[in-house]
Ligand code: RET
């Protein structure tokens with residue numbers, strides 16, 4: 001078979017990302033020490049998020065947590081009878097473990113910021129877990145089949161459900177908190193939405209259609225992960241400090 005695997009460039013990127021996630025976890029954990037209890041939950045949630053990403057990147061960089069998804073492809077020639085060959089692509093399933101745990105934490109951050117009630121927060125979080133698990137099943141499904149794209153469709157529906165819940169209830173609840181909180185939530189929500197929407201697109205081109213190398217896939221997700229976790233986290237922790245309306249008493 002033809003093997004599509006990461007090269008040393010991909011591995012280097014994974015190690016760099018491991019370093020970035022460990023460093024962010026350190027910064028977030030240390031900065032949580034002098035924070036009043038009403039703000040503490042944001043620090044805990046954000047630090048847990050980068051700690052989990054560190055574990056996932058360690059697993060990927062050290063060569064664990066990967067498997068192969070093989071498909072049969074028809075050869076491109078005029079001969080009869082048709083011949084086929086196998087294409088086996090490396091799938092880093094650690095990514096899905098990471099995302100299944102960290103996207104709920106990101107949703108929790110946004111929900112707390114806006115003051116969304118527990119029921120709607122829970123629905124958005126569960127929809128999110130369904131989205132990631134469906135994406136995992138899809139990545140091991142046979143190419144071009146109803147099974148693979150069926151799981152992909154389910155994942156996209158779950159994604160829209162989660163976005164809808166956070167956007168609708170978030171904007172409704174945060175309006176009561178005043179202009180500054182509302183502007184912050186709208187800006188952070190838009191930033192998250194644009195970034196998150198890139199994931200299913202990258203997935204469709206890389207894991208789905210197999211149009212990019214495994215290295216390119218690793219590097220694209222690395223940029224997205226850096227923007228969605230450490231950058232998002234830093235922004236949240238710095239910006240909500242001055243806003244008493246975003247306090248949470250848990
Ligand atoms: C998949 C494929 C199936 C369809 C959809 C997906 C969405 C993934 C998303 C991931 C977000 C990850 C984040 C990570 C943080 O570091 C699973 C790729 C809709 C939205 C924010």
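Fewest first, what order do 20, 37, 218 take by the number of other Cβ atoms within 10 Å?
Listed from fewest to most nearby Cβ atoms, that is 37, 20, 218.
Roughly how many whole Å is it from the C-alpha centroid of the range 170-227 to that of the range 112-149?
14
Relative to a virtual label point 7 Å from the Cα of residue 209 in the Cα→beta-carbon direction, which members of the range 99-137 show backbone nitrogen distances below 14 Å?
Of the residues in the range 99-137, none has backbone N under 14 Å from the label point off residue 209.
Using only the alpha-carbon atoms of the range 1-103 as identical scatterers, what base-10 log of I(q)/I(0) does the Debye formula give at q = 0.15, 0.21, 0.24 Å⁻¹?
Reported log10 I(q)/I(0), two decimals: -0.72, -1.03, -1.18.
For an R0 of 41 angstrom, estimate the FRET efficiency from the Cβ-Cβ distance between residue 248 and residue 15 and round to the nearest 0.05.
Approximately 0.70, to the nearest 0.05.
Report the calculated FRET efficiency for residue 129 and residue 76 (r = Cβ-Cβ distance, R0 = 25 Å), to the nearest 0.05.
Computed FRET efficiency for residue 129 and residue 76: 0.05.
If the elastic network links every pair of Cα atoms under 10 Å, which of 85, 165, 11 fluctuates the most in the Gaussian network model of the chain?
85
Just to compare against my own numbers: the Cα pair-distance distribution for the range 142-250, 10 Å bins, whole % per bin, please.
In order of increasing distance, the bins hold 12, 33, 31, 16, 7, 0 percent.
Stretched out fully, how many nm does the piece from residue 201 to residue 156 gain, at 0.36 nm a residue minus the Cα gap?
Net length gain for the segment: 15.1 nm.
Starting from the coordinates of the alpha-carbon atoms of the range 87-206, obtain the Kirkwood hydrodynamic radius over all distinct pairs and give the value in Å to one decimal.
After inverting the mean inverse Cα-Cα distance, the result is 15.1 Å.
By count of other Cβ within 10 Å, fewest leading, how are 111, 32, 56, 38 ordered?
With the sparsest Cβ surroundings first, the list reads 38, 32, 111, 56.
Rounded to the nearest angstrom and ordered from largest down, what semi-axes does the equivalent ellipsoid of the chain get from its C-alpha gyration tensor (root of 5λ)?
38, 21, 13
Between residue 66 and residue 235, what is the FRET efficiency for a Förster distance of 30 Å, r being their Cβ-Cβ separation, to the nearest 0.05?
Efficiency, from the Cβ-Cβ distance: 0.45.
Quickly work out the residue 119-to-residue 194 label distance, labels modelled 7 Å from Cα along the C-beta direction, and quote it in nm with one decimal.
3.4
Pop a pseudo-label 7 angstrom from the Cα along the beta-carbon direction at both residue 171 and residue 2 and give the gap in nm to one decimal.
4.5
Could you please rank 154, 116, placing first whichever residue has the fewest other Cβ atoms within 10 Å of its Cβ?
154, 116
When the chain is treated as a GNM, springs tying every alpha-carbon pair under 10 Å, which of 176, 162, 114 comes out with the largest mean-square fluctuation?
Result: 176 has the largest fluctuation of those listed.
Subtracting the Cα-Cα distance from 0.36 nm times the residue separation, let me have the gained length for residue 30 to residue 149 in nm, one decimal.
Between residue 30 and residue 149, full extension yields an extra 38.5 nm.
Which of these, 119, 206, 100, has the largest mean-square fluctuation under a Gaussian network model of the chain (Cα springs below 10 Å)?
Largest GNM mean-square fluctuation: 119.
Using only the alpha-carbon atoms, what does the range 33-82 span along each of its principal axes? Please give whole angstrom values in decreasing order.
74, 22, 11
Every number here is computed from the coordinates shown, using simple stated rules; none is lab data. Just so it is clear, the model here is predicted, and its values are computed rather than measured. Heads up, the Cβs are rebuilt from the backbone with ideal geometry, glycines too, and the neighbour counts pull from every protein chain shown.
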